[in-house]
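Just below is one structure, and these are the notes that go with it.
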Amino acid sequence: MSKLKIIGLNWKMNPLTLSEVKVLVEQYNQIQLNPNYEVIVFVPDCYLRYVRENLKNEYIVGAQDVGNYNGVGAFTGEVSLQMICSVGAQYSLVGHSETRKIRNLSEKDIIQKLDSCQNSNIIPILCIGYGQLSDQIDLELIKVQVISATKYLESNGEIIIAFEPVGSIGTGKVLEYDEIIRVVGFIKSIDSRLKVIYGGSVSDQNINNLNQIDILDGYLIGGASLKPKILKTVLTH
Ligand code: PEP
């Protein structure tokens, strides 16, 4: 493998306690990382500081969403980018399909979040996708989402796209490989500078096959990131 691959590990709203975080961090630290991978661990905000201070330095730490506010202010319940940055985050997911649904985010909200990242040291991983696996892939929708990322690139911001078909997330069903190649190829045809990773039920069962897809720049892994045995296979491949 010649190019550096990006592996995003999304813990989602896990684990339940700091004691469990400690165990997970110890397990992560025992894994000898493959230097061909850049591994970013996306943890709940409340664990950011602990994870950054205790995870070995080869790992990068990120947040799972960015708020709509910068700096400080009277915005009870909000967390600003500068705050997550100060406790060790270097990246953040933006517009994960679960976050879009829970927080009822529009494309306008996503653009606002990207704008906030522009003024910070946080690199966004913009999550885009479409509905269920049985749905026709809506390339027009994907194009609208990708345009936000290309505008971001134009203004010299670093950005990564995570292509995540919603019907693949947490279902054990990976999108057909031909479809992954088609959509990722389409995204890169809009701007060949974009790095695109795939997310949706990536595990040790399918990583060997997924690694054959040359056009991919890496993966965003949810459920499997909490199971260090599986993680070891993925990261040391
Ligand atoms: C995700 O949370 O982005 C994800 C892809 O989840 P999973 O790997 O569990 O499908």
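Checking Lys229 against (1) open to solvent by 20 Å² or more (accessible area, probe 1.4 Å); (2) at pLDDT 95 or above, which test does it fail?
Condition not satisfied by Lys229: (2).
Tell me, which residue of the stretch 104-114 that is closer than 20 Å to Ser80 by Cβ and in contact (Cβ under 8 Å) with a residue 12 or more places away in the chain is surrounded by the fewest Cβ atoms within 10 Å (Cβ to Cβ)?
The initial filter retains those residues of the stretch 104-114 that are closer than 20 Å to Ser80 by Cβ, namely 105, 108-114.
Filter once more, keeping what is in contact (Cβ under 8 Å) with a residue 12 or more places away in the chain: 109-114.
Values: Asp109: 16, Ile110: 21, Ile111: 16, Gln112: 14, Lys113: 24, Leu114: 21.
My answer is Gln112.
Would you mention how many residues in the stretch 15-44 are among the acidic types (Asp, Glu) and crowded, with 16+ Cβ neighbours inside 10 Å? Break it down stepwise before answering.
Within the stretch 15-44, the first condition is being among the acidic types (Asp, Glu), and the residues that meet it are 20, 26, 38.
Cutting the leftovers down to crowded, with 16+ Cβ neighbours inside 10 Å gives us 38.
Residues that pass the stated criteria total 1.
Looking only at the stretch 1-53, count how many residues are part of a loop (DSSP other than H, G, I, E, B) and either of a type in the set (Lys, Arg) or modelled with pLDDT under 95 (or both). Break it down stepwise before answering.
As a first pass, look at the stretch 1-53 and keep what is part of a loop (DSSP other than H, G, I, E, B): 1-4, 11-17, 31-36, 43-44.
From the residues that got through so far, the ones that are either of a type in the set (Lys, Arg) or modelled with pLDDT under 95 (or both) too are 1-4, 12, 31-36.
Total satisfying the criteria: 11.
Can you say whether Val72 is farther than 21 Å from Cys117 by Cβ and over 19 Å from the mean Cα position of the chain (by Cα), as far as the supplied structure shows? Walk me through it before giving the result.
Working: farther than 21 Å from Cys117 by Cβ: no; over 19 Å from the mean Cα position of the chain (by Cα): yes.
Criteria not met by Val72.
Test Ile161 against the criterion of being open to solvent by less than 30 Å² (accessible area, probe 1.4 Å), within 11 Å of the ligand (Cβ to nearest atom), of a type in the set (Val, Ile, Thr) and modelled with pLDDT of 95 or more, and give yes or no. Don't jump to the end; show me each part of the working.
Values: open to solvent by less than 30 Å² (accessible area, probe 1.4 Å): yes; within 11 Å of the ligand (Cβ to nearest atom): no; of a type in the set (Val, Ile, Thr): yes; modelled with pLDDT of 95 or more: yes.
Taking the combined requirement at face value, the residue does not satisfy it.
Determine the pairs where a residue that is farther than 21 Å from Ile111 by Cβ and open to solvent by less than 60 Å² (accessible area, probe 1.4 Å), located within the stretch 64-87, has a partner that is small (Gly, Ala, Ser) and assigned to a loop (DSSP other than H, G, I, E, B) with Cβ atoms under 6 Å apart, the partner being 6 or more residues away or on another chain.
none
Just give me the residues in the stretch 45-63 being open to solvent by 50 Å² or more (accessible area, probe 1.4 Å) and either of a type in the set (Phe, Trp, Tyr) or in contact with a strand residue (DSSP E or B) (Cβ under 8 Å, 6 or more places away or on another chain) (or both), in sequence order.
Those that are open to solvent by 50 Å² or more (accessible area, probe 1.4 Å) and either of a type in the set (Phe, Trp, Tyr) or in contact with a strand residue (DSSP E or B) (Cβ under 8 Å, 6 or more places away or on another chain) (or both): Asp45, Tyr50, Glu58.
Condition check: within 16 Å of the ligand (Cβ to nearest atom), surrounded by 20 or more Cβ atoms within 10 Å (Cβ to Cβ) and touching a residue at least 60 places away in the same chain (Cβ under 8 Å). Does Ile180 satisfy that? Don't jump to the end; show me each part of the working.
Numbers: within 16 Å of the ligand (Cβ to nearest atom): yes; surrounded by 20 or more Cβ atoms within 10 Å (Cβ to Cβ): yes; touching a residue at least 60 places away in the same chain (Cβ under 8 Å): no.
Answer is no for this residue.
So which residues in the stretch 183-237 are without any contact (Cβ under 8 Å) to a residue 24 or more places away in the chain, away from the ligand (no atom under 16 Å from the Cβ) and under 16 Å from Ile6 (Cβ atoms)?
Selection gives Asp214 alone.
Check off (1) within 22 Å of Val41 (Cα to Cα); (2) out of contact with any helix residue (DSSP H, G or I) (no Cβ under 7 Å at 6 or more places or on another chain) for Leu126 and give me the number that stays unchecked.
It fails just one condition, (2).
Out of the residues in the stretch 195-209 that are out of contact with any helix residue (DSSP H, G or I) (no Cβ under 6 Å at 6 or more places or on another chain) and more than 19 Å from Lys227 (Cα to Cα), state the one that is least open to solvent (accessible area, probe 1.4 Å). Even if it seems obvious, please write down each step before you answer.
Of the residues in the stretch 195-209, the ones out of contact with any helix residue (DSSP H, G or I) (no Cβ under 6 Å at 6 or more places or on another chain) are 195, 197, 199, 202, 205-206, 208-209.
Now drop any that are not more than 19 Å from Lys227 (Cα to Cα), which leaves 195, 197, 209.
Values: Lys195: 95, Ile197: 0, Asn209: 82 Å².
Out of the qualifying residues, it is Ile197.
Any residue in the stretch 9-32 that's within 24 Å of Thr99 (Cα to Cα) and in contact (Cβ under 8 Å) with a residue 60 or more places away in the chain: show its pairings with residues that are open to solvent by 80 Å² or more (accessible area, probe 1.4 Å) and in a helix (DSSP H, G or I) at Cβ separation under 6 Å, as long as the two are six or more apart or on different chains.
none
The values are calculated or read from the model by the stated rules, or taken from the named source; none is laboratory data. None of the values given here were measured: they were computed from a predicted structure. No Cβ is skipped: glycine too gets one built from the backbone with ideal geometry, and neighbour counts run over all protein chains shown. Heavy atoms of the whole protein, side chains included, go into the accessibility calculation; ligands, DNA and RNA do not. Shrake-Rupley method; radii C 1.70, N 1.55, O 1.52, S 1.80 Å.
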